[in-house]
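The values are calculated or read from the model by the stated rules, or taken from the named source; none is laboratory data. Remember, predicted model here, so these are calculated numbers, not experimental data. Positions of Cβ are generated from backbone atoms using ideal geometry, with glycine treated the same way; all protein chains shown enter the neighbour counts. Note: accessible area is taken over every heavy atom of the protein model, side chains too, but ligands, DNA and RNA are not part of it. Shrake-Rupley method; radii C 1.70, N 1.55, O 1.52, S 1.80 Å.
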Amino acid sequence: DAGVTQSPTHLIKTRGQQVTLRCSPKSGHDTVSWYQQALGQGPQFIFQYYEEEERQRGNFPDRFSGHQFPNYSSELNVNALLLGDSALYLCASSYQRDSFNNEQFFGPGTRLTVL
Amino acid sequence: LAKTTQPISMDSYEGQEVNITCSHNNIATNDYITWYQQFPSQGPRFIIQGYKTKVTNEVASLFIPADRKSSTLSLPRVSLSDTAVYYCLVGDKKDNDMRFGAGTRLTVKP
């Protein structure tokens, strides 16, 4: 049973460019959340997708957008990259209707470097 | 969401029991307490979740006093591989906005 997978593993971009990160959730999961983790800090919630819609959003600008596909996989898009966007981007999946536990399973992340 | 406070770092030795305490004075009635573990360059991994009293699984125990204003993660007989950052989160089970703080960096020494 594959866990959460993310691609690419590493990415280098320059300021002003756009980037797309991809995530495939754990088998059986229907909800995908994205987090940004700067060096030495805890993950910060960006947004969550369920039923192909953005359900909740953290304190991130509109430059950050996403999409969820019918197979539950998801993309995170960041436009007009800034140096401060350099971080580890984590994807987490869960099963929305699990009323007992909202445990999220995280992927290994994509390391984005903006030069 | 309730704010959490944890020690920035802790040191321990192999074979010892480690207790990491998290303060959450503003915890709400519907809030649960969840702990995650994160190794370098990996995503966080769920350890344990509880609401009150004590919860135990194969990895750890979680102790929550009656007032629920704090909680303690207990790791029995740690090994070098337990060196990681441990995060305490407090929130409603269905709250999707998980607020990670800076976490506690645990270093286990031989």
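Okay, here's what the table says:
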| quantity | calculated |
| --- | --- |
| Considering residues of region A:74-98 that are out of contact with any Pro (no Cβ under 7 Å at 6 or more places or on another chain) and of a type in the set (S, T, Y) only, the residue farthest from A:K26 (Cα to Cα) | A:S86 |
| Any hit, region A:21-29, residues being within 16 Å of A:A87 (Cα to Cα) and facing another protein chain (nearest Cβ under 8 Å) | no |
| Any hit, region B:74-85, residues being within 13 Å of another protein chain (Cβ to nearest Cβ) and of a type outside the set (G, A, S) | yes |
| Residues satisfying the stated conditions in region A:36-59, i.e. part of a loop (DSSP other than H, G, I, E, B) and open to solvent by less than 60 Å² (accessible area, probe 1.4 Å) | A:A38, A:G42, A:P43, A:G58 |
| Flag for A:S33 being among the hydroxyl-bearing types (S, T, Y) and surrounded by 13 or more Cβ atoms within 10 Å (Cβ to Cβ) | yes |
| Residue in region B:58-66 that is in contact with a Gly (Cβ under 8 Å, 6 or more places away or on another chain), surrounded by 13 or more Cβ atoms within 10 Å (Cβ to Cβ) and under 26 Å from A:S33 (Cα atoms) present | yes |
| Sole residue being among the aliphatic types (A, V, I, L, M) and within 30 Å of B:T104 (Cβ to Cβ), chosen from A:L81, A:L39 | A:L39 |
| Matching strands (runs of 3 or more DSSP E) fully within region B:7-77 where at least 2 residues are under 19 Å from B:A102 (Cβ atoms) | B:9-13, B:18-23, B:31-38, B:45-50, B:70-75 |
| Which listed residue, of A:G66, A:G109, is closer than 13 Å to A:C23 by Cα, of a type outside the set (F, W, Y), touching a residue at least 24 places away in the same chain (Cβ under 8 Å) and away from every other protein chain (no Cβ under 11 Å) | A:G66 |
| Residue match in region B:91-106 (condition: touching a helix residue (DSSP H, G or I) at 6+ places or on another chain (Cβ under 7 Å), away from chain A (no Cβ under 11 Å) and open to solvent by less than 10 Å² (accessible area, probe 1.4 Å)) | yes |
| Sole residue being open to solvent by less than 70 Å² (accessible area, probe 1.4 Å) and under 19 Å from B:G91 (Cβ atoms), chosen from A:Q104, A:Q68 | A:Q104 |
| Filtered residue count, region B:15-52, keeping only those that are among the basic types (K, R) and under 15 Å from B:Y87 (Cα atoms) | 1 |
| Test: residue in region B:3-10 that is within 14 Å of chain A (Cβ to nearest Cβ) and closer than 20 Å to A:G109 by Cβ | no |
| Among the candidates B:S41, B:S12, residue that is over 15 Å from the mean Cα position of the chain (by Cα) and without any contact (Cβ under 8 Å) to a residue 24 or more places away in the chain | B:S41 |
| A:A2 modelled with pLDDT under 95 and under 30 Å from B:S9 (Cα atoms) | no |
| Test: residue in region A:75-83 that is among the aliphatic types (A, V, I, L, M), in contact (Cβ under 8 Å) with a residue 12 or more places away in the chain and touching a helix residue (DSSP H, G or I) at 6+ places or on another chain (Cβ under 8 Å) | yes |
